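Asks: Sharing a structure with you now.
The values are calculated or read from the model by the stated rules, or taken from the named source; none is laboratory data. None of these values were measured; they are calculated from a predicted model. Every residue, glycine as well, gets a Cβ built from its backbone with ideal geometry; the counts of neighbours run over all protein chains shown.
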Amino acid sequence: MSCITLRAFRKIMLEQDALETLEGHISVRAAIEGRSRPIERLLIREGILNKSAHALLRLAQDENVPFERVPESVIEEYTSGNTHGGVLAIVGPRHVLPLADLAADQANPLIIMLDGHEDPFNFGQAVRSIYAAGAHGLVLRPRQWTTATAVVARSSAGAYERIPLAFADTAEDAVAHFRSRGLNAVALDADSKAQTIYAYDWSQPTFALIGGEKRGLSRGLAKQVDAVLQLPYGRDFRRSLGMSPTAAVVAFEAMRQRLGNS
């Protein structure tokens, strides 16, 4: 296990500008265990000898991930904040499945599309919730997240590196695809006249579209889905919840119903 200098590491990053970084034990472990992307190199700061570091190094060895000890200057230059714990991974792009392969092995899939997300931290929090609640797949529009990969992985507690992922060019394309596979397609909207998420039967195969709070549901898409759902409020509150808390409430209601019908 060698130790490279900051100058040598800068050269590596300049020569391979398509690479991204993940930081922190949780994000890096999730990427290795989830095999969600190529791991070019694992870097651990010199002097770290705790159990977490040793466990991560053993995992890297088991998965044939190259690793080395590096000076603190290398870690500091390519991480943000101070929560990285001296761990950094140089990684390639996230693996993405074709829509047809997403949750194809599930008899009763729950697939969620997050559309209209703008803040990577809140987006990561939403992914964290839907993964924790047992969703079988995540659909996104194609987007270049290179500059925010570390933020998304960290805010999702590694869930973004573990959940099966597919892209759809538009929400309409995703709805059409999953309906053709026999899933019910539902979309969340702030319309107070819509059916509530608690009245919907989440125990059936479902594709759910959750949009950002700044965009409403188009008429065309509302006609395309099987049901439009709304999240009821405890009082008259015009400002809708953001994507992250909405995703959490929806995903865990689906989990509650599915556990009750298992």
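Asks: Identify all residues within segment 47-78 that are surrounded by 15 or more Cβ atoms within 10 Å (Cβ to Cβ), among the charged types (D, E, K, R) and more than 27 Å from the chain's Cα centre (by Cα); write none if there are none.
Replies: GLU68, ARG69 - these are the residues of segment 47-78 that are surrounded by 15 or more Cβ atoms within 10 Å (Cβ to Cβ), among the charged types (D, E, K, R) and more than 27 Å from the chain's Cα centre (by Cα).
Asks: Something else about it: Which numbered condition in (1) under 23 Å from PHE167 (Cβ atoms); (2) crowded, with 20+ Cβ neighbours inside 10 Å is the only one that GLU33 fails?
Replies: Unmet for GLU33, out of (1) under 23 Å from PHE167 (Cβ atoms); (2) crowded, with 20+ Cβ neighbours inside 10 Å: (2).
Asks: Hey, does segment 86-96 have a residue that's crowded, with 19+ Cβ neighbours inside 10 Å and out of contact with any strand residue (DSSP E or B) (no Cβ under 7 Å at 6 or more places or on another chain)?
Replies: There is no residue in segment 86-96 that is crowded, with 19+ Cβ neighbours inside 10 Å and out of contact with any strand residue (DSSP E or B) (no Cβ under 7 Å at 6 or more places or on another chain).
Asks: So ILE26 fits all but one of (1) farther than 13 Å from ALA150 by Cβ; (2) modelled with pLDDT of 80 or more; what number is the exception?
Replies: Exception for ILE26: condition (1).
Asks: When you scan segment 70-116, how many residues do you find that are closer than 19 Å to LEU19 by Cα and among the charged types (D, E, K, R)?
Replies: 3
Asks: Another question, if that's okay. Tell me, which helices (runs of 4 or more DSSP H) wholly within segment 58-161 include 2 or more residues that are modelled with pLDDT of 90 or more and either polar (S, T, N, Q) or not assigned by TED's automatic domain parsing to the domain that holds ARG45 (or both)?
Replies: Values: elements: 72-77, 120-132, 149-155.
Those helices (runs of 4 or more DSSP H) span 120-132, 149-155.
Asks: Has segment 182-197 got at least one residue that is under 23 Å from the mean Cα position of the chain (by Cα) and in contact (Cβ under 8 Å) with a residue 60 or more places away in the chain?
Replies: Yes: segment 182-197 contains one or more residues that are under 23 Å from the mean Cα position of the chain (by Cα) and in contact (Cβ under 8 Å) with a residue 60 or more places away in the chain.
Asks: Of all residues in segment 183-238, how many are acidic (Asp, Glu) and under 17 Å from LEU114 (Cα atoms)?
Replies: Adding up the residues that qualify gives 2.
Asks: Within segment 31-57, can you find the residues that are part of a loop (DSSP other than H, G, I, E, B) and more than 18 Å from THR21 (Cα to Cα)? Show your work before the answer.
Replies: Filtering segment 31-57 for residues part of a loop (DSSP other than H, G, I, E, B) gives 35-38, 46-50.
Matches in segment 31-57: GLU46, GLY47, ILE48, LEU49, ASN50.
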